[in-house]
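Inspection log for the structure reproduced underneath, given as structure tokens.
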Amino acid sequence: MSISLLSTSVEFLKGIGRNRAELLHKELGIQTCADLIHFFPYRYIDKSRYFKINELIPAGAEVQIVGRIIHLKTVEQKRGSRLVATFQDETGQMELVWFRAAKWFRENLKINEPYVVFGKATLFNKTFSMPHPEMELLKEHEASFRPGLQAVYTASEKLHRAGINNRILSVAVSQVFKQTGLQFEETLSDELIEKYSLISKNQALFNLHFPENQTILAKAQFRFKFEELFYIQLQLVSKNLLRKQKLKGFRFEKIGPLFHDFYENHLPFDLTQAQKKVLKEIRSDLGSSAQMNRLLQGDVGSGKTIVAFLTMLMAIDNGYQASLMAPTEILATQHFETISALASCLNLKVALLTGSTKKSQRKVLLEALKNGEIHILIGTHALLEDPVQFQNLSLAIIDEQHRFGVAQRAKLWYKNEFPPHVLVMTATPIPRTLAMSLYGDLDISVIDELPPGRKPIKTLHYFDSKRLILLKFMKDEIKKGRQIYVVFPLISESEALDYKNLEEGYGSLLREFPLPDFQVSMVHGKMKPEDKQYEMDRFVKGVTNILVATTVIEVGVNVPNASVMVIESAERFGLSQLHQLRGRVGRGAEQSYCILMSGHKLGAEAKTRLQTMVATNDGFEIAEVDLKLRGPGDLMGKQQSGMLNLKLADLAKDQKILMAARHEAFRLLESDPGLNQKENLPIRKAYSYFTREKGIWSYIS
Ligand code: ADP
Ligand code: MG
């Protein structure tokens, strides 16, 4: 009987009915009783205590009071009217106030009958006043089931207007529980339940809706967080293991002469331990016959390029081609120059393909690519276009992954019938929990060490009123021969204004730093690529002292002599952007500076961002703060956040649970890949629901 009830519409539950059911479906995606009990409260309020009016304190929390309305009056205001009730208990009087639906309340509230009201009371003209309280007649209140903590379900304005409030939802949920007799099948193995002291599915489900106390609520939440993360990890880990079993890759038998020659004779510096470690990880992937799919994380300046190049040499030594794709033309060009320089001593052919490659050139290039003359192809998205055919691409490296969708990655693979090894490099440090959730099917390498001899960048936060000090500082640095970036925000919503600010900023810098003593360049997104390139080149060559820019320089420009980064309106940038921008300096031997300019008025979050930047240079630390501030969805962009629509688990807070879940997923799949063992049957059953229905909470017994 439980099964049939769970799959029936919520329409037939007490207090719901046809119209409300439709609304629940439209607003919250709730159709069946099973959906309803898997619609979890988003917070809980403690209603175990009743307050007296004379106990109220200003700025207190939400309180529950028993009393009577002794008087109702409508007060006319400029903007509509409000209804004010005088509410009284044996200790005093207060006011209840309605600004909305005043008419309805005026007609429906009962005078002199005991009510329980709940809400936040604020002190106003020596009287406490509670706007839009939750109200219940005392006799109904006493008759209803009251857990120690009360669930609060998210509800839209529309639902409220249709009378769907917490009480209605609670009653409906409790009806489902009563009629099913709480007979849900267990969805985790006994072993896991025991090992992590989890409470049962039934207990957890019930207590999420009707927790008796904080302790049991915490247990219920823990169980479901674990379960949620476990099934996601199970899917990711199983993809990872499957790929390694099934997806054959080019096997690089040997480390050949090119690699050895370069490593022994031409390496421009000693590799850091972290670079060596990562190369070993890559080497071990490439030596197996499985396709590599690896994410390489390394903060700006950690030296990913040389790792990429050495990996390319492994491919070329084995007779294959390699490619490197970058998100912008400037970055692709810069990579092309760096890699060409590194490759020059090895007699390798490196080519560049971007949107602005001339047609005639392009034709020659594609021909050479097809017949294998080109060893390394570097470029932008242009690499993904159909006419681009390699002879034998065995390695695809993608820089700055956050700009590319996963689909594009896949497209690159299938240019060949044999998928190339994929190495995705990102300079945006991703907190571990996020990396594991988003890229859990990839293997992850981290360069967690900067090359030696770098002086940590000094970061300062100046309010706009300190601009004169800033200008003096800039002049001093230029006198010492340094170059300076000045970056302005550019956001599409305020583009026109932002461009105006940029132009004005540029204008005032021209006045402060006049010719012929100084040279100031500007680059921004509206310029023609060739003009942009021209200005960038002048800066790279040291002709200009100051480069005024929007965030086009965010990615990848490498000018070791530029040692000062000034960020205008820094409060408008996100943390990861600030960190990326700061990474443009600190590349040479000189002391570098990052100066964050901001207005005086700062919101709490902006303050935290700027303080974090001043406090640390560690990209991973910054990423953790960012995750806490913004949450995973915003951090990673909407299209990637599907995986992150977690119902209960919080990637910023539940790192330990995630680690445990991932660990268990690996352990399980290694010992019982098909989930065939009897004790794992509950998992197998729930997992197949999970993968089929794309959500673990659609699983019902
Ligand atoms: P990113 O990881 O940001 O792409 P790059 O590969 O551009 O970093 O390296 C940043 C700078 O550090 C480059 O100038 C590079 O030549 C230099 N570099 C890289 N590895 C080392 C090392 N092990 N020792 C010294 N300098 C290094
Ligand atoms: Mg780089």
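Are there helices (runs of 4 or more DSSP H) fully within the range 1-50 with at least 2 residues that are more than 16 Å from Phe177 (Cβ to Cβ)? List them. Hits in the range 1-50: 17-28. Is there a residue in the range 421-430 that is away from ligand 1 (no atom under 16 Å from the Cβ), among the hydrophobic types (A, V, I, L, M, F, W, C) and either at positive phi or modelled with pLDDT of 75 or more (or both)? Among the residues of the range 421-430, at least one is away from ligand 1 (no atom under 16 Å from the Cβ), among the hydrophobic types (A, V, I, L, M, F, W, C) and either at positive phi or modelled with pLDDT of 75 or more (or both), which makes the answer yes. When Glu449, Glu504, Glu512 are screened for being open to solvent by 80 Å² or more (accessible area, probe 1.4 Å) and of a type in the set (Asp, Glu), only Glu504 passes. Suppose we filter the range 452-470 for residues that are more than 32 Å from the chain's Cα centre (by Cα) and surrounded by fewer than 15 Cβ atoms within 10 Å (Cβ to Cβ); how many remain? Here the count works out to 6.
Looking only at residues of the range 309-320 that are in contact (Cβ under 8 Å) with a residue 60 or more places away in the chain and crowded, with 24+ Cβ neighbours inside 10 Å, we find that the one that is farthest from Asn265 (Cα to Cα) is Ala315. Scan the range 295-320 for residues that are near ligand 2 (Cβ under 10 Å from one of its atoms), hydroxyl-bearing (Ser, Thr, Tyr) and not in a helix (DSSP H, G or I) and the total you get is 1.
Which of the residues belonging to the range 544-601 are under 21 Å from Ala332 (Cα atoms) and at pLDDT below 85? Listed by number, the residues that qualify are Thr551, Val552, Ile553, Glu554, Val555, Gly556, Val557, Asn558, Arg587.
Would you confirm whether any residue within the range 549-572 is without any contact (Cβ under 8 Å) to a residue 60 or more places away in the chain, away from ligand 2 (no atom under 16 Å from the Cβ) and more than 30 Å from the chain's Cα centre (by Cα)? Taking every residue of the range 549-572 in turn, none turns out to be without any contact (Cβ under 8 Å) to a residue 60 or more places away in the chain, away from ligand 2 (no atom under 16 Å from the Cβ) and more than 30 Å from the chain's Cα centre (by Cα). Residue check: is Glu253 part of a helix (DSSP H, G or I) and either away from ligand 2 (no atom under 16 Å from the Cβ) or at pLDDT below 90 (or both)? So Glu253 fails the test. Within 16 Å of ligand 1 (Cβ to nearest atom) and out of contact with any helix residue (DSSP H, G or I) (no Cβ under 7 Å at 6 or more places or on another chain), is that true of Gly301? In short, yes. The set of residues in the range 675-691 that are free of Cβ contacts under 8 Å to residues at least 12 places away in the same chain and open to solvent by 50 Å² or more (accessible area, probe 1.4 Å) comprises Asn676, Gln677, Lys678, Leu681, Arg684, Tyr689. Residues in the range 474-494 that are over 11 Å from Thr550 (Cα atoms) and surrounded by 13 or more Cβ atoms within 10 Å (Cβ to Cβ): 8 in all. Among the residues of the range 438-459, those identified as under 17 Å from Arg587 (Cα atoms) and assigned to a loop (DSSP other than H, G, I, E, B) are Asp448, Glu449, Leu450, Pro451, Pro452, Gly453, Arg454, Lys455, Pro456, Ile457.
For the range 40-94, filtered to residues that are of a type in the set (S, T, N, Q) and farther than 30 Å from Val173 by Cα, the residue that is farthest from the chain's Cα centre (by Cα) is Thr91. If you check Arg294, Arg362, Arg283 for being among the basic types (Lys, Arg) and touching a residue at least 40 places away in the same chain (Cβ under 8 Å), only one passes: Arg294. Of the residues Ser238, Ser200, the single one that is out of contact with any strand residue (DSSP E or B) (no Cβ under 8 Å at 6 or more places or on another chain) and touching a residue at least 40 places away in the same chain (Cβ under 8 Å) is Ser238. For Leu310, the conditions (1) touching a Pro at 6+ places or on another chain (Cβ under 6 Å); (2) within 16 Å of ligand 1 (Cβ to nearest atom) are fulfilled apart from (1). Could you please find all residues in the range 264-276 being within 16 Å of ligand 1 (Cβ to nearest atom), open to solvent by 80 Å² or more (accessible area, probe 1.4 Å) and not in a loop (DSSP other than H, G, I, E, B)? Within the range 264-276, Glu264, Gln273 qualify.
Checked against the criteria, Ser48 counts as in contact (Cβ under 8 Å) with a residue 40 or more places away in the chain and either more than 25 Å from Gly148 (Cβ to Cβ) or exposed (fewer than 15 other Cβ atoms within 10 Å of the Cβ) (or both). Out of Phe250, Phe259, Phe269, report the one residue that is touching a Leu at 6+ places or on another chain (Cβ under 7 Å), hydrophobic (A, V, I, L, M, F, W, C) and over 19 Å from Ile444 (Cβ atoms). The match here is Phe259.
The values are calculated or read from the model by the stated rules, or taken from the named source; none is laboratory data. This structure is a prediction, so every number in the text was calculated from the model and none was measured. No Cβ is skipped: glycine too gets one built from the backbone with ideal geometry, and neighbour counts run over all protein chains shown. All accessible areas refer to the heavy atoms of the entire protein, side chains included, with ligands and DNA or RNA removed. Shrake-Rupley method; radii C 1.70, N 1.55, O 1.52, S 1.80 Å.
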